[in-house]
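Engineer: This structure is in C-alpha cells; I'll ask about it shortly.
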Amino acid sequence: MFTIGESLKLWAVKGPDALCLADETRRLTYAQVNARSNRTAAALLELGVRPGDAIAVCARNSIEYLELLHAASKLNVRFVTLNFWLRGAELRRLVAHSDAGWLFVDDATLPIVADDLDAGRLGDARVLALRDVAGSGLPSLVALSAAMEPAEPDVRPDPDAPFWMMYTSGTTGNAKGVVRSQYRTSVCTLYGVVGFGFRREDRFLALAPFFHGVTFYALMCLMAGGAVFVRPSFDAAAVLSALQEDDLTCSFMVPTMLGMLNERAEVTGAAPRGVRMLFTGGASMRTRLKERTLANFGPVLYEFYGSTESGYITGLHPRDQRRKDRCCGQPAFGSQVEIRDEQGRVLPPGEVGEVFSKCAGRFDEYYKDPERTAQALQGEWFTAGDLGVVDEEGFVYIVDRKTDMIISGGENIYPREIEDCLAGHPEVRDCAVIGVPDDLWGESVQAWIVPTDAERRPSAEELRAYCAARIAGFKCPRTFVFVDDLPRNASGKILRKERMSTGRWWIRRG
C-alpha cells in the first residue's frame with residue numbers, strides 16, 4: 001500500500017507539469033511540490049529529525065503546511081497537527097503530551113507561544129517558523145529547505161509507521177491524540193477518492209483548518225492528481241470570487257460557512273456553476289440551508305457522517321438530498337455500519353441504538369491511552385457514542401449523541417429533533433437545545449435561540465406554541481435563552497456541555 005508521500009512522488013512522474021498546489025500568489029506543479037517536499041524532508045533530517053520522531057505544527061493553512069505533511073510521510077515521522085485557536089496552557093499540554101521534539105509556527109500563531117518561549121523552545125520542543133517571520137528570531141524551515149537538494153529521502157516508506165496525529169475537538173472532555181498509521185491514512189484517502197469520485201480535473205478549495213480531519217478532502221484531490229487551492233481563512237466574498245475566477249470544482253465547508261456563502265450569492269445574484277461537489281459535515285445541516293444551497297448551486301451537495309477517529313462512515317449524495325431528509329447517507333465506500341442496543345445486539349431498521357462503524361481507514365489508537373482505545377474499539381468496530389437509526393434502504397440517520405440526550409420524567413428526549421423543529425420558524429436563525437436541572441422532572445428542556453432579526457425576536461410563548469403544534473408536549477422547551485450567537489468549536493459543533501450548560505456564553509438573556 002503506497003503512502004501519502006509516495007502518491008505525491010507518483011504524480012510528479014505521471015504529470016510533472018500539472019498544477020498541484022496554489023494560493024493567492026503562487027501556482028506550483030507536481031514536480032515543484034515534490035521537489036520542495038524533498039527539500040523539506042532533507043531540512044528535517046538536518047535538524048535531527050529521524051523516522052519515528054514526532055513533529056508538531058500550529059499554523060494557518062498554507063502551501064508549506066501541506067509540503068511539510070508530505071515530507072513527514074516520506075520520513076516515516078509522526079505528524080502532529082494542533083488547533084491554532086488554542087492558548088497558553090492548552091497548547092503547552094498538547095505539545096508535551098504528543099512528545100513532539102519540534103514545533104512549527106507561522107506569523108499568525110507565533111504570538112500564541114511567544115510568552116512561553118524559552119531560548120527558542122516550548123518545553124522540550126524546539127520552536128521554528130514554518131515560513132519566514134520577520135523579527136521573530138526563529139529559524140525558518142523554508143530558508144533551511146532552500147539550501148537542500150531535491151533528491152528523494154533515503155528512507156524506506158513504512159505503511160505501519162504512526163503518521164498523522166490529530167487531537168479530538170474536545171466536546172466530550174479533554175482532547176485525545178488520535179493516531180493513524182501511514183497505511184490507514186492512505187486507505188482513508190483512497191476510499192474517499194473512489195467513493196466521492198475525485199478526478200485529475202478537480203480543483204479543490206481548501207478552507208477548513210488543516211489541523212482538522214477534513215484535510216482528507218484535500219489529500220483525496222491530490223491522490224487523484226487534481227489541484228488544491230489553499231486559503232488561510234474563510235471570507236464569503238473572497239470565496240465566492242475564487243470559486244468563479246479559478247474555475248474551482250469542489251470544496252468542503254461547515255454549515256456555518258455554507259450559510260454565509262449562500263447569503264453572499266443571493267446578494268450578488270450570482271453563484272458559480274462550475275462547482276460539482278460541495279462537501280459538508282461536522283455539524284447538523286438545517287433543511288432550510290440545504291434547500292438554499294441546492295437552489296443557488298445546483299445538485300452538488302454531499303453530506304457525510306464521521307469523526308476524527310472513524311474517518312468517513314456515511315455519505316449522502318446529491319441524488320438523495322431531497323428524498324432523504326435529515327439523513328447522513330448510506331455507508332461510505334469501504335465502510336460498514338451497525339446499530340446496536342446496550343447489550344451489543346444488532347438492531348433492525350427503524351430502531352434507535354448506538355452507531356458502530358467498521359473501516360480500514362479508521363484510527364489505530366489514542367496516543368498513550370490504551371484504556372480509552374479499548375473503550376472505543378471492539379475489534380475492528382468503533383463507536384463515537386452517537387445514537388442513530390437505519391431505514392430499510394440502509395440509509396443512516398443520526399438521532400443525537402448519548403451525552404446530549406435529555407432524560408425528563410423518565411422520557412428520552414433528543415435535542416436534535418427539537419432543534420430541527422425550531423429551525424423551521426422564520427424568526428429563528430440558529431438554535432440549540434440542552435437539558436437543565438429540574439427538581440420535579442430531573443431535567444427540563446431549554447432552547448437557546450439566535451433570532452433572525454436581533455431587534456425583533458419571537459416571544460417564548462410563540463416559540464413554545466410553534467413546537468407544541470409539531471412535536472410531543474414533553475419535548476417542548478420550557479425555557480428559552482436568546483443570544484447573539486452560539487458557542488461552537490473549530491469544527492462547527494455546538495459546545496453544549498462546556499459553555500451553554502454552565503451559562504458561560506450568555507451574550508444576551510431573555
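The values are calculated or read from the model by the stated rules, or taken from the named source; none is laboratory data. Because the structure is a prediction, the values reported are computed rather than measured. Glycine also receives a Cβ, built like all others from the backbone with ideal geometry; neighbour counts cover every protein chain displayed.
Engineer: From the residues in region 46-61 that are under 18 Å from PRO111 (Cα atoms) and not aliphatic (A, V, I, L, M), which one is surrounded by the most Cβ atoms within 10 Å (Cβ to Cβ)?
Structural biologist: CYS58
Engineer: Report whether or not GLY315 is within 30 Å of VAL179 (Cα to Cα) and not hydroxyl-bearing (Ser, Thr, Tyr).
Structural biologist: yes
Engineer: Test VAL187 against the criterion of being at pLDDT 95 or above and over 19 Å from the mean Cα position of the chain (by Cα), and give yes or no.
Structural biologist: no
Engineer: Also, quick follow-up: I'd like to check something: does region 44-59 contain any residue that is in a helix (DSSP H, G or I) and under 27 Å from PHE234 (Cβ atoms)?
Structural biologist: No: zero hits.
Engineer: With (1) outside any helix (DSSP H, G or I); (2) over 28 Å from MET260 (Cα atoms); (3) in contact (Cβ under 8 Å) with a residue 24 or more places away in the chain as the list, and ALA432 as the residue in question, which single condition is left unmet?
Structural biologist: (2)
Engineer: Could you check, for region 268-291, whether at least one of its residues is of a type in the set (Val, Ile, Thr), over 20 Å from the mean Cα position of the chain (by Cα) and closer than 24 Å to CYS431 by Cα?
Structural biologist: So far as region 268-291 goes, yes, one or more of its residues are of a type in the set (Val, Ile, Thr), over 20 Å from the mean Cα position of the chain (by Cα) and closer than 24 Å to CYS431 by Cα.
Engineer: Also, quick follow-up: Please verify whether region 331-343 includes one or more residues that are closer than 16 Å to GLY394 by Cα, of a type in the set (Phe, Trp, Tyr), assigned by TED's automatic domain parsing to the domain that holds VAL214 and buried (at least 21 other Cβ atoms within 10 Å of the Cβ).
Structural biologist: No.
Engineer: I've got another one for you. What are the residues in region 97-124 that are closer than 21 Å to VAL49 by Cα and over 23 Å from the mean Cα position of the chain (by Cα), if any?
Structural biologist: ASP99, GLY101, TRP102, LEU117, ASP118, ALA119, GLY120, ARG121, LEU122, GLY123, ASP124, listed by residue number.
Engineer: Taking region 234-267 on its own, how many of its residues are touching a Pro at 6+ places or on another chain (Cβ under 9 Å) and assigned to a loop (DSSP other than H, G, I, E, B)?
Structural biologist: 2
Engineer: It is to be established whether one or more residues within region 257-265 are outside the structural domain of ASP160 (by TED's automatic domain parsing) and either among the hydroxyl-bearing types (Ser, Thr, Tyr) or under 30 Å from ASP53 (Cα atoms) (or both).
Structural biologist: no
Engineer: Looking only at region 236-243, decide whether some residue is under 30 Å from VAL13 (Cα atoms), in contact with a strand residue (DSSP E or B) (Cβ under 8 Å, 6 or more places away or on another chain) and in contact (Cβ under 8 Å) with a residue 40 or more places away in the chain.
Structural biologist: no
Engineer: Let me ask you something else. I'd like the residue in region 14-41 that is of a type in the set (Ser, Thr, Tyr) and in contact with a strand residue (DSSP E or B) (Cβ under 9 Å, 6 or more places away or on another chain) and, out of all such residues, is nearest to PHE79 (Cα to Cα).
Structural biologist: For region 14-41, the residue satisfying everything is TYR30.
Engineer: Okay, moving on. Counting just the residues of region 382-428 that are part of a strand (DSSP E or B) and modelled with pLDDT of 90 or more, which one comes out farthest from ARG488 (Cα to Cα)?
Structural biologist: VAL390
Engineer: Still on this structure, please answer the following. Hey, any hits in region 63-79 for a residue that's part of a helix (DSSP H, G or I), closer than 18 Å to ARG156 by Cβ and of a type outside the set (Gly, Ala, Ser)?
Structural biologist: Yes, because at least one residue in region 63-79 is part of a helix (DSSP H, G or I), closer than 18 Å to ARG156 by Cβ and of a type outside the set (Gly, Ala, Ser).
Engineer: Sticking with this one: Considering only residues that are farther than 30 Å from ALA100 by Cβ and free of Cβ contacts under 8 Å to residues at least 40 places away in the same chain, look in region 9-24 and name the one that is surrounded by the most Cβ atoms within 10 Å (Cβ to Cβ).
Structural biologist: PRO16
Engineer: Oh, and also: For residues in region 346-381 being of a type in the set (A, V, I, L, M, F, W, C) and either loosely packed, with under 14 Cβ neighbours inside 10 Å or assigned by TED's automatic domain parsing to the domain that holds ALA96 (or both), which is modelled with the highest pLDDT?
Structural biologist: The qualifying residue modelled with the highest pLDDT is VAL346.
Engineer: Within the group THR29, THR40, which residue is polar (S, T, N, Q) and touching a Ser or Thr at 6+ places or on another chain (Cβ under 8 Å)?
Structural biologist: THR40
Engineer: Give SER73, SER37 a once-over and let me know the one that is under 26 Å from the mean Cα position of the chain (by Cα), buried (at least 22 other Cβ atoms within 10 Å of the Cβ), closer than 29 Å to TYR367 by Cα and without any contact (Cβ under 8 Å) to a residue 40 or more places away in the chain.
Structural biologist: SER37
Engineer: Find all pairs meeting these conditions: Cβ atoms under 6 angstrom apart; at least six residues apart or on different chains; first residue within region 83-103 and assigned to a loop (DSSP other than H, G, I, E, B); second residue crowded, with 20+ Cβ neighbours inside 10 Å and among the hydroxyl-bearing types (Ser, Thr, Tyr).
Structural biologist: Note: pairs meeting the criteria are PHE84/THR109.
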